Amino acid sequence: MRLAVAILPLTLFFSGLLCSADYYEILGVAKDADDRTIRKAFKKLAIQKHPDKNKDNPEAHAEFLKINRAYEVLKDEELRKKFDQYGEKGLADDFNPNQNFQSWQFYNDNFGIYDDDVEIVTLNRADFNRVVQGTGEIWFINFYSTFCSHCHQLAPTWRKFAAAMDGVIRVGAVNCAEDPGLCQSQHVHGYPSLVWYPEGTFYQGPRDLELIVEFVMTRLPDFVIPVTHENYLTLSRDEAETAGRPWIIDFCDDSDRCLTPENRRKLASMLYGLVNVGTVDCHYGTTKDKLCEKFDRTDGVLWFDAGAISAESATVLESLDPKELASTAIKNMDGLPEFDEDDLKSLFDRHIGATEDTVVWFVKDQSTVEENKEMLPTTILFKANGGYEINYATSKTSWRDQALFIRESLKTPMKDSLNPSVVELTPEKFRAEVLNKDAEITWVVDFFAPWCGPCQQLAPEFNRAARMLRDHDSENVKYGSIDCQAHRTLCDNEKVTGYPTVRLFPASSVQKQRKLGKNLNYPQNMWRNADSISQWTMGYLPSLVVPMGNEFFTEVLDAKTPYLVDFYAPWCGPCMRFVPVFDQIAKALEGRVQLVKVDCDQWPGVCQGAGIQAYPSIRLYRGAKNGRRQDGWGISIQSQMKNDIIQIQLEQYATSPELAECLVECVSNTVGGLEGKTALTSIPWPYGHARKIWRVLKFRADVTLFKRTRFNSHLC
C-alpha cells in the first residue's frame, strides 16, 4: 500500500540550530505555530520588553532587536523555511535585519488589531490562496493597514459585525502593510477595503454596522424552505435533498415568538447540508397555512428528526437565537459510528467500486497512546475508488480545516479514479514510461518507504501538487510514486539514499536549454508542501515565455510587434507563484503577443533601465512606431490576474481584427466559452472595444448569443 498507519517516534535534529539562536524559543512558540500565534507572542513580548518601558536596562535595546529579528524571520514564509532548514546561517545572504522598530504605543494600540478576535480569521498570502481563492466559500474580508487611522476606526464595527455573522459566513482580515502584493493582486488600492468573496465585490457604502449587515444579507443565499400542508410529507420522506436530514421548522405569526427573516436565513446558512430549516406561514388571513391547525400552533420553533415531520414527534426549542439553535441542532444529531481494527482494515483492503467515500476521525486514547500523541493523524479519507489520503494536521486544527482537507482530497474523484494524479510505478512501468519517456514529457517521481513518517506527511501534499499541475498541463507533466520497500533493487539502481526523495526527469528541450542532467532532486532547503513542489516543477517545464537579458533593449524596445515582459527575482515568492499564470497567458496569446521574462538578479542593468522597483513587475510594450525605439518603462500592468492581463491586451490591440479575433478566442478558452453567461460576465469589457470585436465576429455562428450575453447585460 501507498501509506501505512503507524505510530513512530520521530526525532528531527538540525545541528545548525544548536549553535544559533532559536527564534521559536525567543518568542516562546512551538515550531508549528501559525501566524496569529506568532504575532500574539511577539506583541506580548514587545509590550513587556520594549526599551520605552525598560529605560533602566542598558541591554533593553539589544534584547528587543533579538525579539524583533525573530519575529521578522518567522512572519515571512520564505525566511521561515530557510531558518527551519539551516538555522541562522541559512539567512546570511537573504536577510538584513531591521535595526529600527515602532514605539511602545504602536505595539500596544495598533499592532495585530484582530488577533484576539476569534470570529475574525487573520489571513496571510498562503492562507488566502488555500482557504479563499478558488474554494467557492463565502468570505467577507477587511483589507486594512496597520498605519491607517480609518482602519482603526472601523475595527470596533468590524468586530461587532464578525460576532453577528459568526457561523453564517467567514469573516477575515488582511494586513496590507505586511503583504502589499496580496492586496494589490486583489485590486485593493485604498484602506480599509471590504471585499465579498467568491465574487470579489467591493462594499462601497458607509461603514455602518447595519448597512454592512444589509449588504451581506442581500448576497447571502436563501436556504430557508417554505413548508406547507401540501409539501411537508414529500419534503420529509421523498425529496432526495431533504428527506435524510432532521428539521428545524419555525411557525410564524404576527407575534414576536418566531425567528426574524434575517435570523431564519442565518440559521439556514449555519446548518446548510446538515439540518433543513423551514418556515410555516401562520399569519392571520388568507395566507395562513393549514399546517398551523394540524400542529395546533401559530408560533414557536420545533425540532423534527429525519423523516418525521409530525405533531407527535415535535420537540419545542425555546431559543430564538440562531447560534443557540445551531448548537442545539448539532447536539441532537446522531453521533459518529465507532470503528474497530477490523473495520479499519476493511477500509484499507477495499477496492474500486465502493459506494461512498469514508472519513475516519482518530481520537487519542490515553490508555493506549501515552507518547507522541501529536504524531497521530487526525483524519484519513478512504475514497470510493480504493485510494486514501492522510491528514497529519495538529490537534488544534479546526473543523473548517478538516473540511478543506476532505474537499481538496475529493476533487474530481471520477477523474482520479480513471486517471490518478499520481501513478503507482512498478519497475517495468518506471523503465517504460519514465526512463524511456517521450522527449517532451516531464516526470516527477516520489521514492518513498511506507514506514517513513516524513513520507506519510509528504503524500497528501505530493498528491495535491500533482492535481495542480494536471490542471496546468495534463498531457506533458506526469507524477508518479515508487514504493522502495517493495522495489528495493530499483531504488538502489537509481541511487536513492534517503526517503522521501522527489526526483524530476525533465523534457529533452529543457534538458538541452538548461544544460541539465537526466534528472535532478527536489532541493533539501525547500518546504515539502504542494505549493513549493508545484512551483519547483513549473520552473523546469517547457515554456513559450522566452528568457532574456541585455537583448531586451534591441529585441523588445526596437520591435514593431507587442511584447509582454515579466521582470522577476528568483527568490521572490509572488514571482514564483506568477510563473504558471504567465505561462498560461503565453499559451493563450501564442503567435500574436510574445511573452518574455527577465531575471533581475542576473540582469540588474536591464531592470534598472526599465525602472523596476518591485517584483514581479509586468510591463507591456506596444511596439515601436516610425522606426523610433520605445520607452524602456513601457506600460505597467497593475495586476497578476490572468483575465485582467488578457483584457488589457484587448484594450490595447482590439483595432487589429486578427488580434481581436485571437483575443476573443483566448478569453473564451480562459473563462469557459462563449456559451456561458456567468463566465463571460466576469470580465467587464469596455463598450468601444466590444464593438470592434463585434465587427470581427458578425459572420460567426455564435454571434447572436455573444451579443445577447455581453451587450444586453452590461453595455447598453
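The values are calculated or read from the model by the stated rules, or taken from the named source; none is laboratory data. Predicted, not measured: the structure shown is a model, and the values here were computed from it. Neighbour counts run over all protein chains shown; Cβ positions are idealised from the backbone, glycine included.
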*Would you mind stating whether Arg159 is of a type in the set (Lys, Arg) and either outside any helix (DSSP H, G or I) or not assigned by TED's automatic domain parsing to the domain that holds Glu210 (or both)?*
no
_If I ask for residues that are surrounded by 21 or more Cβ atoms within 10 Å (Cβ to Cβ) and at pLDDT 90 or above, which ones from region 435-468 would you list?_
Thr442, Trp443, Val444, Val445, Asp446, Phe447, Phe448
*Give the residues of region 29-39 that are surrounded by fewer than 17 Cβ atoms within 10 Å (Cβ to Cβ) and touching a residue at least 40 places away in the same chain (Cβ under 8 Å), sorted by residue number.*
Lys31, Asp32
*Can you name every residue in region 189-200 that is at pLDDT below 90 and either crowded, with 21+ Cβ neighbours inside 10 Å or of a type outside the set (Gly, Ala, Ser) (or both)?*
His189, Pro198, Glu199
*Do we find that Leu291 is closer than 30 Å to Val360 by Cβ, touching a residue at least 60 places away in the same chain (Cβ under 8 Å) and not assigned by TED's automatic domain parsing to the domain that holds Ile380 in this structure?*
no
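Quick grid of which residues meet (1) among the β-branched types (Val, Ile, Thr); (2) touching an Asp or Glu at 6+ places or on another chain (Cβ under 6 Å); (3) outside the structural domain of Ala162 (by TED's automatic domain parsing); (4) under 30 Å from Thr286 (Cβ atoms):
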site	(1), (2), (3), (4)
Val188	yes, no, no, no
Pro198	no, no, no, no
Pro206	no, no, no, no
Leu209	no, no, no, no
Ser236	no, no, yes, yes
Glu241	no, no, yes, yes
*Only one of (1) over 30 Å from the mean Cα position of the chain (by Cα); (2) modelled with pLDDT of 75 or more fails for Ser327. Which number is that?*
(1)
*What are the residues in region 500-534 that are part of a helix (DSSP H, G or I) and either in contact with a helix residue (DSSP H, G or I) (Cβ under 9 Å, 6 or more places away or on another chain) or touching a residue at least 40 places away in the same chain (Cβ under 8 Å) (or both), if any?*
Ser508, Ser509, Val510, Ala530, Asp531, Ser532, Ile533, Ser534
*From the residues in region 227-246 that are closer than 19 Å to Lys290 by Cα and within 37 Å of the chain's Cα centre (by Cα), which one is modelled with the highest pLDDT?*
Leu235
_Test: residue in region 542-550 that is polar (S, T, N, Q), under 19 Å from Val477 (Cβ atoms) and in contact with a Pro (Cβ under 9 Å, 6 or more places away or on another chain)_ = no
*Which of the residues belonging to region 269-297 are farther than 14 Å from Val227 by Cβ and in contact with a strand residue (DSSP E or B) (Cβ under 9 Å, 6 or more places away or on another chain)?*
Ser269, Met270, Leu271, His283
_Among the candidates Leu45, Leu3, residue that is modelled with pLDDT under 85 and not assigned by TED's automatic domain parsing to the domain that holds Gln485_ = Leu3
*Which one of Asp365, Asp343, Asp357 is farther than 30 Å from Ala164 by Cα, charged (D, E, K, R) and at pLDDT 75 or above?*
Asp343
*Can Arg488 be described as farther than 30 Å from Asp84 by Cα, surrounded by fewer than 21 Cβ atoms within 10 Å (Cβ to Cβ) and without any contact (Cβ under 8 Å) to a residue 40 or more places away in the chain?*
yes
*Mind checking which helices (runs of 4 or more DSSP H) fall wholly inside region 541-656 and carry at least 3 residues that are modelled with pLDDT of 80 or more, within 30 Å of Val444 (Cα to Cα) and not assigned by TED's automatic domain parsing to the domain that holds Asn519?*
573-588
*Could you tell me whether Val545 is surrounded by 14 or more Cβ atoms within 10 Å (Cβ to Cβ), touching a residue at least 24 places away in the same chain (Cβ under 8 Å), under 29 Å from the mean Cα position of the chain (by Cα) and on the phi < 0 side of the Ramachandran plot?*
yes
*Can you name the residue in region 205-234 that is within 22 Å of Val132 (Cα to Cα) and in contact with a Leu (Cβ under 9 Å, 6 or more places away or on another chain) and, of all such residues, is surrounded by the most Cβ atoms within 10 Å (Cβ to Cβ)?*
Ile212
*Among Asn129, Asn108, which is the only one that is outside any loop (DSSP other than H, G, I, E, B), at pLDDT below 85 and touching a helix residue (DSSP H, G or I) at 6+ places or on another chain (Cβ under 6 Å)?*
Asn108
